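A short worksheet on the structure shown next.
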Amino acid sequence: MALAFYSAPMLIESFLLLPGGSTLASLESGNQARPEQLEILARTREMASSVNESGSSWSQLSLALAHRANLYEPGSAEQTAILERARAAQGKGIRLQPANPHSWLRLAYINLRLAAPEKASAALYMSYQTGPYEIHLAEYRLTMSSGMWRQLDSWAMMAVYDEVRLLHYQKPGSLKFMMENDDNVSYIARQAL
């Protein structure tokens, strides 16, 4: 009886997370979603978080909101309000799962969009610290780092250099492509190598 009592919130959360699963998979693969799909994803993640708080449901809500913010005029009050909600949701997700480099990277991205470069730099650094060898994040982190290089402290710069060397050995074609298409990446890579 006690087991059923304690597992009920997790079971309810699982059912609430079912709608929007394909949208989530699509977003995580780098694809876009329709506004109504983003709304369903956001609504179900909010409901799931109210039943059983988990880092993943808050992070998924943040992802949906960050994508929904793209539907509004850049810098508009509507976009800023949605990005603030996304930042708050991601913050709750990180408090529950602090060792998730994906969550820290998303928080850096949201802070960058909210014109908070110091907060973005700190979150980016935490993404490096919690997942230093996450090769699938390397291109995103390097692109973000190159755009805010002057805001990074020396520790974050060293983490970027380490990741450039990781890309150089594991995905040299990708690094070469990035260097050819972004002067800042090229500068950083030359410094690292």
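Which whole-number value in Å³ per residue fits the convex hull of the alpha carbons of the stretch 30-70?
Roughly 55 Å³ of hull volume per residue.
Just tell me which lysines come within less than 21 Å, Cα to Cα, of residue 119; anything on the same chain fewer than 8 places away is out.
Reachable lysines: 92.
I need the Debye-formula profile for the stretch 111-177: one equal scatterer per C-alpha, no solvent, reported as log10 I(q)/I(0) at q = 0.17, 0.24, 0.26 1/Å, two decimals.
Evaluating at q = 0.17, 0.24, 0.26 Å⁻¹ gives log10 I(q)/I(0) of -0.55, -1.02, -1.16.
Rounded, prolate or oblate for the stretch 43-114? Axes are the square roots of the Cα gyration tensor eigenvalues, ordered a ≥ b ≥ c, and the cut-off for rounded is a/c under 1.5.
oblate
In whole Hz, what ³J(HN,Hα) sequence does the stretch 151-156 give by Karplus (6.51, -1.76, 1.60; θ = phi - 60°), x for Gly and Pro?
7, 7, 7, 5, 5, 5
In whole Hz, with x marking every Gly and Pro, tabulate ³J(HN,Hα) for the stretch 133-150 from phi via Karplus 6.51 cos²θ - 1.76 cosθ + 1.60, θ = phi - 60°.
Ordered by residue, 3J(HN,Hα) equals 10, 7, 4, 6, 9, 4, 5, 5, 5, 5, 4, 5, 4, 5, x, 10, 3, 5 Hz.
Every read-out reported here was derived from the displayed coordinates using simple, explicitly stated rules and does not represent laboratory data. All values reported here derive from a predicted model rather than from experimental measurement.
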